[in-house]
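Working notes, structure below.
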Amino acid sequence: MESYMKTKNGRVWYKLIGNPRGTPLILVHGGPGYPHNYLKPLEALSNRRKVLFYDQLGCGLSGKSSDKSLWTLKLFTAELGQLVKHLGFEEYHLLGQSWGAAVAVSHAVKNPKGLRSVILSNPCISVPVWKKDAEKLISQLPSKMGRAIKEYEKNRKSTKAFKEASREFYRRYVFRMGRDPKPVRESRKGMNVKMYTYMWGPEEYWATGTLRSLDLTKSLDKIKVPALLLSGRYDEATPSSLKLFASRMADARVKIFNNSAHFPFWNEKKKYIAAVEEFLEDQAK
């Protein structure tokens, strides 16, 4: 079923698929402004439950707006709450990927009625941690590439050397695959680049936009439901960051995929789906 939820700021597109018997799973995509398409492998989770895909306002199939005052974590968190109410979910699980994990945490810390568990996949929930990890990953690139990225950080001038270094960073720590699958290309096509740049910045490595002071680490202990944290061994959301976040939570598991970067649901689809499925089934016991 595909439909729209009307809000005062525009229409929010969503798609609900799967088995109606299990507790629904809501998927919160990354970005900001990078729509749901790239999460297509997670359709496999719909065999035992309904799975909800949606595009956050301003990107993909949802309503568009140039009003930057709408591009806030607060709005997207409220949007998620509205969807839960709109669909009448009495109980539900929540999976936030990358930036979507920040939205998921902001929702979960309120301990909303009906939330059964939260999954933070490749989470971007602390800019200080993200920046520290990015610096380590950049240092592992060939020295020439590392210098090119550092030079770009200083003067914001894009050079041939920087573009080559940037491509290598993304290849190693974000996608880690050959040609991008069609759903990934579809997300890139539907991406709101202005939103991403305004909220985050021009590149993955550092937040220079409105999210530059984002740090939800101290609020993690407010999450009372079981949590699963997922990361790839080569992920820009590093395994060490997951362990830090998990240590702040009341009931959290960590799963690392050894042959993956930021998209383990593509790099190691079967193992990723199995890990999420096992966690969700445990919550039903």
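Filtering 236, 268 for residues that are acidic (Asp, Glu) and either in contact (Cβ under 8 Å) with a residue 40 or more places away in the chain or over 15 Å from residue 122 (Cα atoms) (or both) leaves a single hit, 236.
Of all the criteria given as (1) touching a Gly at 6+ places or on another chain (Cβ under 6 Å); (2) modelled with pLDDT under 95, the one not satisfied by residue 203 is (1). Within the range 153-180, being free of Cβ contacts under 8 Å to residues at least 12 places away in the same chain and in a helix (DSSP H, G or I) holds for 154, 155, 160, 163, 167, 171.
Select from the range 240-274 the residues that are at pLDDT 95 or above and of a type in the set (Gly, Ala, Ser) and list them in ascending order. Those that are at pLDDT 95 or above and of a type in the set (Gly, Ala, Ser): 240, 241, 246, 247, 252, 260, 261, 274. Which residues, taken from the range 82-98, are in a loop (DSSP other than H, G, I, E, B) and free of Cβ contacts under 8 Å to residues at least 12 places away in the same chain? Passing the criteria: only 88.
Residues of the range 1-58 that are touching a strand residue (DSSP E or B) at 6+ places or on another chain (Cβ under 6 Å), buried (at least 23 other Cβ atoms within 10 Å of the Cβ) and part of a loop (DSSP other than H, G, I, E, B): 24, 30, 55, 57.
Of the residues that make up the range 208-219, is at least one over 17 Å from the mean Cα position of the chain (by Cα), under 30 Å from residue 113 (Cβ atoms) and either modelled with pLDDT under 95 or outside any loop (DSSP other than H, G, I, E, B) (or both)? So far as the range 208-219 goes, yes, one or more of its residues are over 17 Å from the mean Cα position of the chain (by Cα), under 30 Å from residue 113 (Cβ atoms) and either modelled with pLDDT under 95 or outside any loop (DSSP other than H, G, I, E, B) (or both). The single condition among (1) under 23 Å from residue 215 (Cα atoms); (2) at pLDDT below 95 that residue 67 does not meet is (1). For the range 81-100, the set of residues classified as crowded, with 24+ Cβ neighbours inside 10 Å and either small (Gly, Ala, Ser) or under 20 Å from residue 16 (Cα atoms) (or both) consists of 93, 94, 95, 96, 97, 98, 100, listed by residue number.
Restricted to the range 111-129, and to residues there that are out of contact with any helix residue (DSSP H, G or I) (no Cβ under 8 Å at 6 or more places or on another chain) and in contact (Cβ under 8 Å) with a residue 24 or more places away in the chain, the residue that is surrounded by the fewest Cβ atoms within 10 Å (Cβ to Cβ) is 128.
The values are calculated or read from the model by the stated rules, or taken from the named source; none is laboratory data. These numbers come from a predicted model, not from an experiment. When we count neighbours, we look across all protein chains shown, and the Cβ atoms used for this are built from the backbone with ideal geometry, even at glycine.
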